[in-house]
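Chemist: Dropping a structure here in structure tokens format, bear with me for questions.
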Amino acid sequence: MKKKLWFTVSALLLIIFLAAGCGGNNSHDTKNNTRAENLIIDESVIINNKNSYYEVIFDFNSGKTHYDIGREYGRKISQEVPDIENLLDSYIVQVSFFNYDEYIRRVNDIKPQLAQEYIDELDGLAEIASTKENVAGDGLISADEIYLLNLLPDVLRGTQCSALSVFGDLSETGKNMVARNLDWFPGIGYELCKIHSVLTIKNGTKSICTIGYLGLTSILSGFNDDGVFASILDSNTGSEYSSNNKYSYVFDLRYALENYSTLAGIADYMDEHSYAFNHLVFLSDEEESKVLENNFSGNGVDMHKGLRSYGSVLNPGVTWDLVNAIACVNSFILKGNHDNHTGKLSNTGRWNSIKTLLNTGRNNDGIVSLTELKNIACFYTGDIPDSPEDGDLYNIGTLQIIVFQPDSFNLEIFFQQPFTMPDVPTFNKVSVKFE
């Protein structure tokens with residue numbers, strides 16, 4: 001009874017938190033194509049149900065266009081998950097509340113700055129849309145709502161995430177090992193937990209893997225075939241929101257992973273455009289990790305953007321005494337940057353947990369094993385995973401825990417399942433093949 005009550009209250013609190021924080025022309029007929037068309041075998045897009053997540057493969061080496069791939073993706077999603085529109089519409093209703101029209105307006109502000117291939121891809125995906133009307137709660141999805149789902153981090157906020165890595169002589173392998181927790185609102189009906197996905201995009205030198213949800217082709221967490229890993233984290237400064245002429249950082253990050261082969265190259269590209277929300281990008285290669293503090297509208301004394309390493313000088317009161325290790329919560333901490341860390345328990349609590357665990361959670365050799373890294377990412381303070389304010393890295397909002405080794409492409413992921421939160425997360429070993 002206690003756990004059931006806790007899940008209900010937690011879900012409601014997350015919804016309140018999200019509310020406070022914050023072009024296709026297709027019809028139902030175009031979705032339900034002829035019987036002959038549905039019988040056509042098209043392996044440019046493959047979806048395999050792995051029980052706890054969906055394995056998705058885009059094969060651009062087949063010669064298909066982005067529109068073709070998007071359209072086939074939508075067709076196969078609707079075959080694999082027949083109630084996908086109702087699931088996604090339900091989630092949109094829950095996160096949008098009375099701000100739905102404003103979020104659609106923001107989407108239409110940002111959309112023109114997307115690369116054309118992503119517009120084509122999403123327009124193709126919007127073939128699954130059964131309505132031309134933007135109406136939250138109708139059980140259907142419109143083309144604008146497809147864009148809204150893909151641009152959620154650009155148009156609304158309210159997430160809590162964390163990341164850490166160890167490398168060099170602190171790592172048992174001598175190479176970088178990364179752990180990333182995605183903390184998002186799952187939906188009252190745990191809608192997102194029903195559609196976890198690992199999408200591999202095979203596209204020659206532009207091949208990448210993105211870990212997210214069915215219907216999303218933007219980047220929440222992902223890596224390219226050069227072994228560079230990237231993930232996004234919200235970092236709210238309280239600055240006034242503006243989407244006018246702003247770019248999408250989740251699609252810019254996809255572009256960077258597809259077109260740049262180094263951590264530095266990706267960081268440089270993500271520094272080129274202006275975005276609607278301040279954020280962090282956790283970046284890793286096989287040798288090290290760094291954090292791009294992308295603050296372009298919050299307060300700051302000396303700087304607004306910077307690439308943080310483990311040895312960087314930090315704001316007064318923020319300490320990090322570990323060598324060959326770095327961590328990230330939802331705050332800027334570089335010296336001179338806006339201080340949204342001090343005094344915010346959800347940030348200071350998790351930051352202190354990571355520091356303590358890295359200092360005490362090592363094995364007898366003074367190094368961190370892959371198992372110990374997982375244990376840190378799965379840490380919580382009480383009887384059950386609860387609040388980030390308590391220092392819980394694994395908390396009520398944790399939907400995915402991703403562990404990645406860039407040198408070997410070893411990928412292990414915990415996917416939270418509907419209406420469950422295990423005391424000890426179970427990781428799926430996920431195989432990603434770019435060739």
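Values quoted throughout were computed directly from the atomic coordinates according to the rules given, and no laboratory measurement underlies them. The shown structure was predicted, so the numbers you read here are calculated from the model rather than taken from an experiment. Methodologically, a virtual Cβ is constructed for each residue, glycine included, from the backbone with ideal geometry; neighbour enumeration extends over all protein chains shown.
Chemist: Given +1 on the Cβ of Lys and Arg, -1 on the Cβ of Asp and Glu, and no further charges, what dipole in debye does the stretch 284-435 carry about its Cα centre, rounded to the nearest 20?
Modeler: For this selection, approximately 260 debye.
Chemist: Follow-up. Can you tell which of SER218, VAL198, ILE208 lies farthest toward the positive end of the dipole of the stretch 195-279, using +1 and -1 charges on the Cβ of basic and acidic side chains (Lys, Arg; Asp, Glu)?
Modeler: VAL198
Chemist: A further question follows. Using alpha-carbon pairs under 8 Å, 6+ residues apart, how would you state the relative contact order of the stretch 307-435 in percent?
Modeler: After rounding, I find 15 percent.
Chemist: Can you figure out the FRET efficiency of VAL313 with ASN375, using R₀ = 25 Å and their beta-carbon distance, to the nearest 0.05? Walk me through the numbers on the way to the answer.
Modeler: Values: r = 30 Å, r/R0 = 1.20.
The pair VAL313/ASN375 has a calculated efficiency of 0.25.
Chemist: Work from the charge dipole of the chain (Cβ charges, +1 for Lys and Arg, -1 for Asp and Glu, about the Cα centre) and give the residue of ASN61, GLY168, TYR247 farthest towards its positive end.
Modeler: GLY168
Chemist: On a full-extension model of 0.36 nm per residue, what is the gain between THR426 and LYS206, subtracting their alpha-carbon distance, rounded to one decimal in nm?
Modeler: Values: separation 220, 0.36 × 220 = 79.20 nm, distance 3.13 nm.
In short, 76.1 nm is gained.
Chemist: Say each of PHE98 and HIS273 gets a label point 7 Å from the Cα, pointing the same way as Cα to Cβ; how far apart are those two points in nm?
Modeler: 3.2
Chemist: State the label only: which of [x] 36; [y] 47; [z] 31 corresponds to percent of Cα pairs over 31 Å apart computed from the shown model?
Modeler: Label [x] holds the value from this structure.
Chemist: Then there is this: Please get the size of the charge dipole for the chain, origin at its Cα centre, with Cβ charges of +1 on Lys and Arg and -1 on Asp and Glu, quoted in debye to the nearest 20. Present the calculation step by step, with values, prior to reporting the outcome.
Modeler: Numbers: 33 positive and 57 negative charges, 146 e Å.
Result for the chain is approximately 700 debye, rounded to the nearest 20.
Chemist: Contact order normalised by length for the stretch 36-141, with contacts defined as Cα pairs under 8 Å and 6 or more residues apart; what percent is it?
Modeler: Over the stretch 36-141, the number comes to 34 percent.
Chemist: Using helices alone, what [θ] at 222 nm do you get for the chain, with -39,500 (n - 2.57) per DSSP H run of 4 or more residues, divided over all residues and rounded to the nearest 500?
Modeler: -9000 deg cm²/dmol
Chemist: Order of SER162, SER130 from fewest to most other C-beta atoms within 10 Å? Walk me through the intermediate numbers first.
Modeler: Numbers: SER162 31, SER130 19.
In order of increasing Cβ crowding within 10 Å: SER130, SER162.
Chemist: Based on the mean of other beta carbon atoms within 10 Å per residue, what is the order of 110-116, 213-219, 198-204, most packed first?
Modeler: Highest-to-lowest ranking by the protection proxy: 213-219, 198-204, 110-116.
Chemist: Could you rank the peptides 77-86, 169-178 by their average count of other C-beta atoms within 10 Å per residue, with the highest value first?
Modeler: Numbers: 77-86: 16.5, 169-178: 19.4.
Those peptides, ordered most packed to least, come out 169-178, 77-86.
Chemist: Further, regarding this structure: Suppose every K and R has +1 on its Cβ and every D and E has -1 on its Cβ; what is the size of the dipole of the stretch 126-206 about the Cα centre, in Debye to the nearest 20?
Modeler: 320
Chemist: What distance in nm separates the simple spin-label points at ASN48 and ASP138, each placed 7 Å from Cα in the Cβ direction?
Modeler: 3.8
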